[in-house]
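Written below as structure tokens is the structure these notes are about.
The values are calculated or read from the model by the stated rules, or taken from the named source; none is laboratory data. Bear in mind the structure is a predicted one, so any value in this text is a computation, not a measurement. Cβ placement follows ideal geometry from the backbone for every residue including glycine, while neighbour counts extend to all protein chains displayed. The accessibility values were calculated without ligands, DNA or RNA, using every heavy atom of the protein model including side chains. Shrake-Rupley method; radii C 1.70, N 1.55, O 1.52, S 1.80 Å.
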Amino acid sequence: MDCANILVSADLGDASPDRVRLAAGLAQRFEAILTGAAAHKVPAPILVRDVYDAIEQEERNKAQVRGILEEARALFERSAGEGIRTEWQAALAGPTTHLVEQARAADLVVVGRQGPEDEDTGPLGVQPGPVLMEAGRPVLVAPPRLVHLKGIRIVVAWKDGPEARRAVTAALPFLREADEVFVVTVGDDAGREGAEAVTGHLARHGAHATTHLLRAARQESDDILEFALRQDADLIVMGAYGHSRLREWIFGGFTRDALERSPVCCLMSH
């Protein structure tokens, strides 16, 4: 995968400036354009007296929303800094819907982690799960207060299937440049997931990859995250697993844990 355009979600939450700086560093590294995106629905008029009052309220609400979006644009431009090409895409729409739409012209989408303990991102914030499952692009989920992604040591959480295969392909620009790549499979059937073949495939692409078959000590997400921390890794590459039910996405255990509590960046693909 070549990175020509990196799309980042911009909001007015405390974690947004660092997320934009991280995405800007990747854009500079891959000589890509950095596109910031934000959106906010216009509230409907309430307690209207007549049609003129409704029109007046709607115009007033639009002006307020445009002001919020201009604040987000200023934050994005300030955080992106100098030395890279940037674009800005804003809309009077739902934030997640807008970001998914803009992903059609992006190679990588950068969003913030949103766990129960993470700070509120406000009305411009997006939930990473739906973006991951609907955008059709690799998604980098960044924890708060993380400004740089070097990708010196990378863990590939391997579980043979189309999701993990797509994630590995999307991560090749990172994997080629890493000092160490750990292809990790967990569980009693770890030896039958084809991790050694993936290690060989990555080696042919120039990656310094090794295979690690782990016996399950706890649940899979805990084993992978603890392994990543022991290796001082700053990126986990993994497939994302889930399905839709009643207009909500239901995620597998490891996918949910990565979206909500991973202490390192996760590059994920559905």
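Confirm whether Asp232 is exposed (fewer than 15 other Cβ atoms within 10 Å of the Cβ), in contact with a Lys or Arg (Cβ under 7 Å, 6 or more places away or on another chain), of a type outside the set (Ser, Thr, Tyr) and outside any helix (DSSP H, G or I). Here the answer is yes, as Asp232 does meet what is asked.
Scanning the range 108-123 for residues that are at pLDDT 95 or above and over 12 Å from Arg19 (Cβ atoms) gives a single hit, Leu108.
If the condition is being touching a Pro at 6+ places or on another chain (Cβ under 9 Å) and open to solvent by less than 20 Å² (accessible area, probe 1.4 Å), then the range 252-265 contributes Leu259, Ser262, Val264, Cys265. Among the residues of the range 33-58, those identified as at pLDDT 85 or above and in contact with a helix residue (DSSP H, G or I) (Cβ under 6 Å, 6 or more places away or on another chain) are Leu34, Gly36, Ala37, Ala38, Ala39, His40, Val42. Listed by position, the helices (runs of 4 or more DSSP H) inside the range 45-163 whose residues that are open to solvent by 70 Å² or more (accessible area, probe 1.4 Å) number at least 2 are 51-80, 95-102. How many residues, within the range 216-237, are free of Cβ contacts under 8 Å to residues at least 40 places away in the same chain and of a type outside the set (D, E, K, R)? Going through the range 216-237 one residue at a time, the tally reaches 6. Figure legend. Inter-residue proximity from the range 145-171: first residues more than 16 Å from Ala258 (Cβ to Cβ), second residues in a helix (DSSP H, G or I) and not aromatic (Phe, Trp, Tyr), beta-carbon distance below 6 Å, spacing 6+ or different chains. Indicated pairs: Arg145/Asp18; Val147/Asp18; Val147/Arg21; Val147/Leu22; His148/Gly25.
Taking the listed residues Thr185, Thr210, Thr199, Thr169, the one that is part of a strand (DSSP E or B) and open to solvent by 10 Å² or more (accessible area, probe 1.4 Å) is Thr210, with no other qualifying.
Kindly provide the set of residues from the range 11-38 that are within 13 Å of Thr121 (Cα to Cα), open to solvent by less than 10 Å² (accessible area, probe 1.4 Å) and touching a strand residue (DSSP E or B) at 6+ places or on another chain (Cβ under 6 Å), ordered by number. Selection gives Ala38 alone.
Residues checked against (1) farther than 30 Å from Leu172 by Cα; (2) without any contact (Cβ under 8 Å) to a residue 60 or more places away in the chain:
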| residue | (1), (2) |
| --- | --- |
| Phe30 | no, no |
| Gly36 | no, yes |
| Arg60 | yes, yes |
| Ala72 | yes, no |
